[in-house]
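Encoded as structure tokens, the structure appears first; notes follow it.
The values are calculated or read from the model by the stated rules, or taken from the named source; none is laboratory data. Predicted model only: the values in this text are computed from it and were never measured. No Cβ is skipped: glycine too gets one built from the backbone with ideal geometry, and neighbour counts run over all protein chains shown. The protein model used for the area step is the full one, side chains on, heavy atoms only, and it has no ligands, DNA or RNA in it. Shrake-Rupley method; radii C 1.70, N 1.55, O 1.52, S 1.80 Å.
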Amino acid sequence: MRLALDEAELAVRGGDVPVGAVVLSPDGTTVLGAGHNEREATGDPTAHAEVLAIRRAAARLGEWRLTGCTLVVTLEPCTMCAGALVQSRVDRVVYGARDDKAGAAGSLWDVVRDRRLNHRPEVIEGVLAEDCARMLTEFFRGR
Ligand SMILES: [Zn+2]
């Protein structure tokens, strides 16, 4: 999560909301992909931290299945990212702050653990939640 927080800091430079994500290898020792929000920086509405980290990890592995991997993100994934996580077949999703307005991993929806889907990653929430939330609060306060 510390790595994801470092990644989140990078988003602010491009004027983006500070959210960062990393994809860890199945043994947990290697960062296969990292990403931060780049929506403002790139003008791409899908450039969320999780999507970018997933894409980079898949490119590095040379395959779309991220079986065994863990995605760590500072903010609860939205519906798009929750869908991407299911599609990527990650085994585990770890997130920091909850997103009561748009979260799709337990708050507003629970897309990743929907029993109607055939792949449901494990979800661990609240890791360094205060640090993750503080970064967002400070960003919005500065606006
Ligand atoms: Zn998202």
Restricting the stretch 95-124 to residues that are closer than 17 Å to A8 by Cα and not hydrophobic (A, V, I, L, M, F, W, C), the one most open to solvent (accessible area, probe 1.4 Å) turns out to be R98
Looking at L66, L52, which one is under 19 Å from P121 (Cβ atoms), within 15 Å of the ligand (Cβ to nearest atom), touching a residue at least 24 places away in the same chain (Cβ under 8 Å) and of a type outside the set (V, I, T)?
L52
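Residues checked against (1) among the acidic types (D, E); (2) away from the ligand (no atom under 16 Å from the Cβ):
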{"position": "L71", "(1), (2)": "no, no"}
{"position": "E76", "(1), (2)": "yes, no"}
{"position": "C81", "(1), (2)": "no, no"}
{"position": "A84", "(1), (2)": "no, no"}
{"position": "V93", "(1), (2)": "no, no"}
{"position": "A105", "(1), (2)": "no, no"}
{"position": "E125", "(1), (2)": "yes, no"}
{"position": "E138", "(1), (2)": "yes, yes"}
{"position": "G142", "(1), (2)": "no, yes"}
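To keep it simple, each residue is scored yes or no on (1) out of contact with any Lys or Arg (no Cβ under 6 Å at 6 or more places or on another chain); (2) within 18 Å of A102 (Cβ to Cβ); (3) of a type in the set (K, R); (4) part of a strand (DSSP E or B).
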{"residue": "L3", "(1), (2), (3), (4)": "yes, no, no, no"}
{"residue": "A8", "(1), (2), (3), (4)": "yes, yes, no, no"}
{"residue": "P18", "(1), (2), (3), (4)": "yes, yes, no, no"}
{"residue": "L32", "(1), (2), (3), (4)": "no, no, no, yes"}
{"residue": "I54", "(1), (2), (3), (4)": "yes, no, no, no"}
{"residue": "A58", "(1), (2), (3), (4)": "yes, no, no, no"}
Inside the stretch 59-79, the number of residues satisfying the requirement of being hydrophobic (A, V, I, L, M, F, W, C) and open to solvent by 20 Å² or more (accessible area, probe 1.4 Å) is 5
Which pairs turn up if I take residues in the stretch 72-83 that are of a type outside the set (G, A, S) and look for partners that are within 6 Å of the ligand (Cβ to nearest atom) and open to solvent by 30 Å² or more (accessible area, probe 1.4 Å) with beta carbon separation below 6 Å, at least 6 apart in sequence or on another chain?
C81/H48
In the stretch 125-143, what residues are assigned to a loop (DSSP other than H, G, I, E, B) and either exposed (fewer than 13 other Cβ atoms within 10 Å of the Cβ) or out of contact with any strand residue (DSSP E or B) (no Cβ under 6 Å at 6 or more places or on another chain) (or both)?
G126, G142, R143
Would you check if A49 is aliphatic (A, V, I, L, M) and open to solvent by 40 Å² or more (accessible area, probe 1.4 Å)?
no
